[in-house]
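Here's the structure we're looking at; comments come further down.
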Amino acid sequence: MQTKQDRSPWLWVPSLYFGQAIPYVVVMTLSVLMYKERGVSNSDIAFYTSWLYLPWVIKPLWSPLVDMVRTKRWWIISMELLIGAALAAVGFTMHLPGWFQLSLAVLWVMAFCSATHDIAADGFYMLGLKQHQQAAFVGVRSTFYRIATLAGGAAMAGLAGRLAKRTGDVGFAWSVVFFVLAALFIALFAYHSRALVRPAEDKTVTGENRLKEFVATFVSFFRKRDIWLILGFILTFRLGESQLLKLALPFMRDPVPKGGLGMSVEDIGTVYGGIGVVALTLGGLLGGYLISRHGLKRCLWLMVFAVHIPDIVFVYLATVQPQNIVLVASSIAFEQFGYGFGFTAMLLYMIMVSEGEHKTAHYALCTGLMALGMMVPGMFSGKIQEYLGYQHFFIYVCLMTIPAFIMAALVKIDPEFGKKTEQ
């Protein structure tokens, strides 16, 4: 008989990381399109939605508490319930006076719950799987995270577009979207209450010396060997993407005379929620498989190129402005396959850096630093795009990937890390 401890990771890893992505895609992607549809400028969208990234940046400040108070399993389930409630609350703001400020405030609170969920989920992943399983499933978690990013964002955007056309009420359409997402998250809460395993190491830290333990968590991280290389690699790996991400959807939505592609919300949903999801799934799974076979060090350069080189796709799209949806979808699929394949390397690198005592808090520090590398450049990307125009902006984005290549040449990785050992 199968026990809770030996359940297949397939029963909880995909749903856990699908759920982890939903609030992230809401505050960082779906909100961008929502505000765009309701007439907010590109510069305001980029600036204010980048501030929503703050909880992910500062989450290391309370990540040790997740280690020391209750279990990771408890934190996961509790935060999922709160996030579901927050999603519903956003839906209720759509027709209120000052909806923009109110929706931002609720999204900001939800982001704090989501950041806490991330801490617990990433720590739970490391406790619930052996090292070779972590490597094998890193592609799976990345894939389902990105599936939620695309399906939860683009599919819901498509739903909003169709409802807006039928009703003529954009606010109502987005309210429905948030209510649907709230229902989905409540369902995840109910499922994980039963499906999550109970690792023996997932336990509350006891004792009276919690403050000392809290301080030791941060001190031990910044005393890691080659910490400056670690910081440089994490902070620069997504420097280009941090700016591309903010303007990709506005670019696809803006009319051709403004330099965009003039796509409808429904077409954006089709491109990102269809072909893009398939390409991303294949890329993520392949990335995890290769690392588990050959190790992170041997795969690193291939994956760094795979993440960044496809950004050239957006230079092409901004230059040609094709109106053929098949061509656009194929271009996005190429970019998404490369991202799904290559980002696997960063996920496993952060796991490697976090190995040892305080692994949950140290992983949160890594992701918080990566969030900082996304937040600050993203805040100003709208202003840069408005100054340069879309074509030159995407060329600039490609140039912003150069630091990631430099750091990849300097970073140090154990040749055996991530490789599945023979049993």
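The values are calculated or read from the model by the stated rules, or taken from the named source; none is laboratory data. Worth saying up front: this structure is predicted, and the values here are computed from it rather than measured. Cβ: placed from backbone, ideal geometry, glycine included. Neighbour counts: every protein chain shown. For accessibility, only protein heavy atoms count, side chains too; no ligands or nucleic acids. Shrake-Rupley method; radii C 1.70, N 1.55, O 1.52, S 1.80 Å.
I'd like the residue in the range 363-417 that is open to solvent by 20 Å² or more (accessible area, probe 1.4 Å) and in contact with an Asp or Glu (Cβ under 8 Å, 6 or more places away or on another chain) and, out of all such residues, is farthest from residue 298 (Cα to Cα).
In this case the residue turns out to be 398.
Please count how many residues of the range 371-392 are closer than 24 Å to residue 56 by Cβ and not basic (Lys, Arg).
Adding up the residues that qualify gives 14.
Is there a residue being open to solvent by 10 Å² or more (accessible area, probe 1.4 Å), farther than 27 Å from residue 152 by Cβ and touching a residue at least 12 places away in the same chain (Cβ under 8 Å) anywhere in the range 250-257?
Yes, the range 250-257 has at least one match.
Where in the range 328-423 are the helices (runs of 4 or more DSSP H), entirely inside, with at least 2 residues that are closer than 25 Å to residue 149 by Cα and within 23 Å of the chain's Cα centre (by Cα)?
359-388, 390-399
So which residues in the range 82-91 are among the β-branched types (Val, Ile, Thr) and closer than 12 Å to residue 189 by Cβ?
83
Among (1) closer than 27 Å to residue 202 by Cβ; (2) open to solvent by 30 Å² or more (accessible area, probe 1.4 Å); (3) at pLDDT 90 or above, where does residue 62 come up short?
Failing condition for residue 62: (3).
Collect the residues in the range 93-102 that are touching a residue at least 24 places away in the same chain (Cβ under 8 Å) and touching a helix residue (DSSP H, G or I) at 6+ places or on another chain (Cβ under 7 Å), keeping them in residue-number order.
Passing the criteria: 94, 95, 99.
Restricting to the range 317-331, give me the number of residues that are surrounded by 15 or more Cβ atoms within 10 Å (Cβ to Cβ) and under 18 Å from residue 399 (Cα atoms).
2
Among the residues of the range 37-53, what is the count of those that are part of a helix (DSSP H, G or I) and open to solvent by 40 Å² or more (accessible area, probe 1.4 Å)?
Looking only at that region, the number is 5.
From the list 177, 197, which residue is in contact (Cβ under 8 Å) with a residue 24 or more places away in the chain and under 18 Å from residue 72 (Cα atoms)?
None of the others qualify; the one that does is 197.
Given the structure, is residue 175 among the hydroxyl-bearing types (Ser, Thr, Tyr), surrounded by 20 or more Cβ atoms within 10 Å (Cβ to Cβ) and under 18 Å from the mean Cα position of the chain (by Cα)?
In short, no.
Show the residue pairs meeting these rules: Cβ distance below 6 Å; 6+ apart or different chains; first residue within the range 29-54 and under 18 Å from residue 252 (Cβ atoms); second residue aromatic (Phe, Trp, Tyr).
Within 6 Å, the pairs are 34/174; 45/35.
For the range 185-208, state whether one or more residues are more than 30 Å from residue 10 (Cβ to Cβ), at pLDDT below 85, among the acidic types (Asp, Glu) and open to solvent by 60 Å² or more (accessible area, probe 1.4 Å).
Yes, that holds for at least one residue.
For the range 258-268, what are the residues that are open to solvent by less than 10 Å² (accessible area, probe 1.4 Å), over 16 Å from residue 29 (Cα atoms) and either touching a Gly at 6+ places or on another chain (Cβ under 8 Å) or at pLDDT below 90 (or both)?
Matches in the range 258-268: none.
Which ones in the range 33-81 are among the acidic types (Asp, Glu) and either in contact with a strand residue (DSSP E or B) (Cβ under 9 Å, 6 or more places away or on another chain) or more than 26 Å from residue 186 (Cα to Cα) (or both)?
Matches in the range 33-81: 37, 44.
Do we have residue 220 as in contact with an Asp or Glu (Cβ under 8 Å, 6 or more places away or on another chain) and surrounded by fewer than 18 Cβ atoms within 10 Å (Cβ to Cβ) here?
When the stated conditions are applied, residue 220 passes them.
Per-residue answers, yes or no, for (1) open to solvent by 10 Å² or more (accessible area, probe 1.4 Å); (2) among the hydroxyl-bearing types (Ser, Thr, Tyr):
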site	(1), (2)
19	no, no
25	no, no
35	no, yes
75	yes, no
